[in-house]
Structures are given as structure tokens and as C-alpha cells.
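A.B. asks: One structure is given below, represented as C-alpha cells, and several questions about it will come after.
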Amino acid sequence: MNVLVVGSGAREHALAWRLAQSESLTELHAAPGNPGIASLGRCHPVRADDGDGLLALATTTEIDLAVIGPEAPLVAGVADLLRQNGVSVFGPSGEAARIEGSKTFAKEVLRAAGVATAETMSVARAPCVLKADGLASGKGVFVCRTAAELEAALPVVEAFGSGAVIEELLEGPEVSLFALSDGRAAVPFGAAQDFKRIGDGDEGPNTGGMGAYSPVPDLDAAALVEQVHAPVIQELARRGAPFVGCLFAGLMLTADGPKVLEFNARFGDPETQVLMPRFRGDLLEALAAAARGDLGGVELSLDDDAAVTVVLAAPDYPERSDYAGATIRGLDAAAEAGALVFQGGTAVRDGRVITNGGRILSVTATGASLSEARTKAYAAVDLVSFEGARFRRDIAAVAGG
Ligand code: AMP
Ligand code: GLY
């Protein structure tokens, strides 16, 4: 099979890395990809949200399966355009991707499916959580414990211009839980813990994610997928919007049981960087089976080993995501030490890998336990450098300790 990976982050590098190990793979293409992906396949200068450009590329390279990584092209209907023109796609239609693209729609589906979620409030009063309704790269949510925090958040959310949702404030540990679907089945694909805040000890603003680990101890992922993903996938099918792709639930494990904070219509970033090293089996066969509506006979299993990833970000991330030109050193040394360095915001200049984005690298390691994986991941982080690199020192510290 010829495969096209759409996107340019460390998530897409991790997906490409696992897809490249498939015996069914003939050619691997990416649009636009990044220098890490370029070592595995061929990158093309087509933007992830350029539907017509992707269709033309898929046609000339005779793509058998397109795997769409990021949410923006999914919500914009790129999967529909490709499918209508005969390209098999792993990734939901624009209609089904509204589960991520519209918080109001997600609430409506959750209610109809009878899945527990944070209650919506009609009036904003602290404590509460204020959310911009549309896509905001993880930056449109404000947890307001005090009236002053709420007052500060209101104009910011208004500025997104997409309307707002007000929710009760829930407490508890968070997990990211994944399932693959062919439109009908919900097949568990493991769980991970993401670290959303920029600073150690969960201080500072939210980001896209600064690190992750998997598995999540004491979590029955399969049972939770039955409880959360399966009814939502059924409900979307009932509405004539079957979900084909990876359905990602952000859950809070409250004292009253698990409650959904949000759904995403794709793999997580950086969660994918810890799921792919643990995945056992043929990823290409699994994604292709989902895309053709035939996940029934496919076994998805994850290794017992643990994985930890630490994101090295730009010095001014998350305020800015355009840190360009700093030389990245030590990539080979980290690989020789047994780590997997997935590239996100990178570019190549004069044969050298340089920074080009916000979340630059995901330094990943596996081990027999979380603490072993964590020790190896941080040892590799110490081998990699670029000027101003910003990262958390406490990824997986509690679970691994
Ligand atoms: P979301 O993009 O909806 O997942 O929200 C981003 C982050 O905001 C979540 O990972 C939580 O840490 C926090 N959050 C969202 N909704 C709530 C809620 N109802 N109660 C408490 N924290 C929340
Ligand atoms: N790490 C959270 C996300 O991918 O949205």
C-alpha cells in the first residue's frame, strides 16, 4: 500500500515511524511532513488543510490510504473530499469531526448517548470553566476558581468569536483514552496521561501538551471505552455521521466516576508518541481496516512496557509557536542511547536540523516500568539541546516514582 500521512508534528512522525514498519507498506508519503518524517518517506510541500492539493498529491502518488493527523483539516472536511474522490481515509468526515470542532455539538451527542460529562451552566459564576466553542489548539479553556479569574477570562473567550460554553468545575486526575473506530466498532487503543500546563507542578498556562506517559496505572481502559466511546460512536452513526478514525476522550476521574471533558477526532499529541512505541501489531493493517469499515477481525494490543515522552519546546511557547533557526544538537546521541526522538517543529538548513515551531521535539523512551522509562527519557533529554529549550522536569514523576 502507498500511504499518505497528513500533518507535520511529532504525532505524525510517531505515526509514520510505526507505519514504516508495516510489511504492507510500499511507499510512505507525507504532506507537509517534517525532517524526521523525511528520513522514513517522501515529504511534499502541500499544507495539511489544502484539500485540493492533497487530492492532487494522492492521485499522482497513487495513495491507497490517507492518515490525517491534525484536527483542522478533519473539521474542514478534507477527509470527505478525499473519500468522494475514491481515496481511502483514516480520519472522520467533517460532520463526525464536529465532536471536536463544536463543544455544543459534543454536549448534545453526549447527552443523547447518556455518557457522563461536566454539567453546562447557564450563567457564568465562579467556580466554573469557560470554553471557547470552536477549535483553539488547547488554548481556549479557562478554569476559573475565583470571580477575578472569571472576569479576566470572559473577554479572552469572547475574542475567539466562536461563542462560549460554561461548565461546572470538576476535580480529579485526567486521562486521555483512545479507541479506533470503523464507524461502528469501538476498539480500545490504550490510555495515556498528558501534562497540559507549561510549568512543573502544573503551573502556568495550558499548552498543547508538554509530555505524556502510558500506561495509566490501575485504569481499565477497555471497560471505559465500552462506557464512553461505544455509545458515542453509536450515536454518531445513528445521526448519519459515522466516525471513522481515532476517537480520543479527555476524561476526568471524579469522585462520582469518570466524566468527559472533551472529545478529539484524532490521535493525541504528545500521547501518540507514547502509544506508538507500545503498539504491537501492524498499524497500517489496523488503520486500513478501520478506513474500509472492517475493524471487526482486527486485534489491537499494547505492550506491557511503559513509555514516557518529554516535549522540548521553544523558549516563548505557548505564547508563540514560531521559534525558528536555532541549531538542534545531539539527535544521534539520543538515538544511540536508545531513545526515540520524534520531531515536531523542525526544519533543515545547510544539512543541519534547526528549530521551526513551538513544540520542537518529543524525546521518548520505553522501559519495563514507568520509572525506568522516565529515567531513560530524561537521560536522552540531557543529550539533546538547542538554545532556550523549555521542558518540564516532572513528567511521569508521580506515577513513575
Ligand atoms: P479541554 O480542551 O476541554 O479538554 O480543556 C482543557 C483542560 O481544561 C482540561 O484538560 C482540564 O484540565 C481543564 N478542564 C476542562 N474542562 C474542565 C472542567 N469542567 N472542570 C475542570 N477542569 C476542566
Ligand atoms: N494532548 C492533547 C491533545 O492532543 O489535544
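The values are calculated or read from the model by the stated rules, or taken from the named source; none is laboratory data. Predicted, not measured: the structure shown is a model, and the values here were computed from it. Cβ: placed from backbone, ideal geometry, glycine included. Neighbour counts: every protein chain shown. Please note that ligands, DNA and RNA were not included when accessible areas were found on the heavy atoms of the full protein model with its side chains. Shrake-Rupley method; radii C 1.70, N 1.55, O 1.52, S 1.80 Å.
A.B. asks: From Ala14, Ala56, which residue is of a type in the set (Gly, Ala, Ser), farther than 22 Å from Val341 by Cβ and at pLDDT 95 or above?
C.D. replies: Just a single option satisfies the conditions, and that option is Ala56.
A.B. asks: Pull up the stretch 134-171, narrow it to residues that are charged (D, E, K, R), in contact (Cβ under 8 Å) with a residue 24 or more places away in the chain and more than 16 Å from ligand 2 (Cβ to nearest atom), then point me to the one that is least open to solvent (accessible area, probe 1.4 Å).
C.D. replies: The selected residue is Glu167.
A.B. asks: Separate question: I want to confirm something. Restricting to the stretch 63-111 and keeping residues that are polar (S, T, N, Q) and not in a loop (DSSP other than H, G, I, E, B), which single residue is least open to solvent (accessible area, probe 1.4 Å)?
C.D. replies: Ranking the qualifying residues of the stretch 63-111, first place goes to Thr104.
A.B. asks: Gly208: part of a loop (DSSP other than H, G, I, E, B), surrounded by fewer than 24 Cβ atoms within 10 Å (Cβ to Cβ), within 16 Å of ligand 2 (Cβ to nearest atom) and not assigned by TED's automatic domain parsing to the domain that holds Val75, yes or no?
C.D. replies: yes
A.B. asks: When the stretch 203-226 is examined, which residues are found to be over 16 Å from Val260 (Cα atoms), in contact (Cβ under 8 Å) with a residue 24 or more places away in the chain, more than 16 Å from ligand 1 (Cβ to nearest atom) and not small (Gly, Ala, Ser)?
C.D. replies: Scanning the stretch 203-226 gives Pro215, Pro217.
A.B. asks: Let me ask something else. State yes or no: is Pro318 modelled with pLDDT under 95 and either within 23 Å of the chain's Cα centre (by Cα) or on the phi > 0 side of the Ramachandran plot (or both)?
C.D. replies: In short, yes.
A.B. asks: Any chance you could count how many residues in the stretch 242-253 are assigned to a loop (DSSP other than H, G, I, E, B) and within 16 Å of ligand 2 (Cβ to nearest atom)?
C.D. replies: Number satisfying all stated conditions: 0.
A.B. asks: Let me ask something else about it. Please work out which residue is surrounded by the most Cβ atoms within 10 Å (Cβ to Cβ), limiting yourself to the stretch 356-399 and to residues that are more than 21 Å from the chain's Cα centre (by Cα) and assigned to a strand (DSSP E or B).
C.D. replies: Selected residue: Gly367.
A.B. asks: Hey, another quick one. Can you find a residue that is among the β-branched types (Val, Ile, Thr) and within 16 Å of ligand 2 (Cβ to nearest atom) anywhere in the stretch 254-261?
C.D. replies: Yes, the conditions are met somewhere in the stretch 254-261.
A.B. asks: Okay, moving on. Of all residues being in contact (Cβ under 8 Å) with a residue 60 or more places away in the chain and small (Gly, Ala, Ser) in the stretch 262-284, which is nearest to ligand 2 (Cβ to nearest atom)? Just the residue, please.
C.D. replies: Per the stated criteria, the residue is Gly268.
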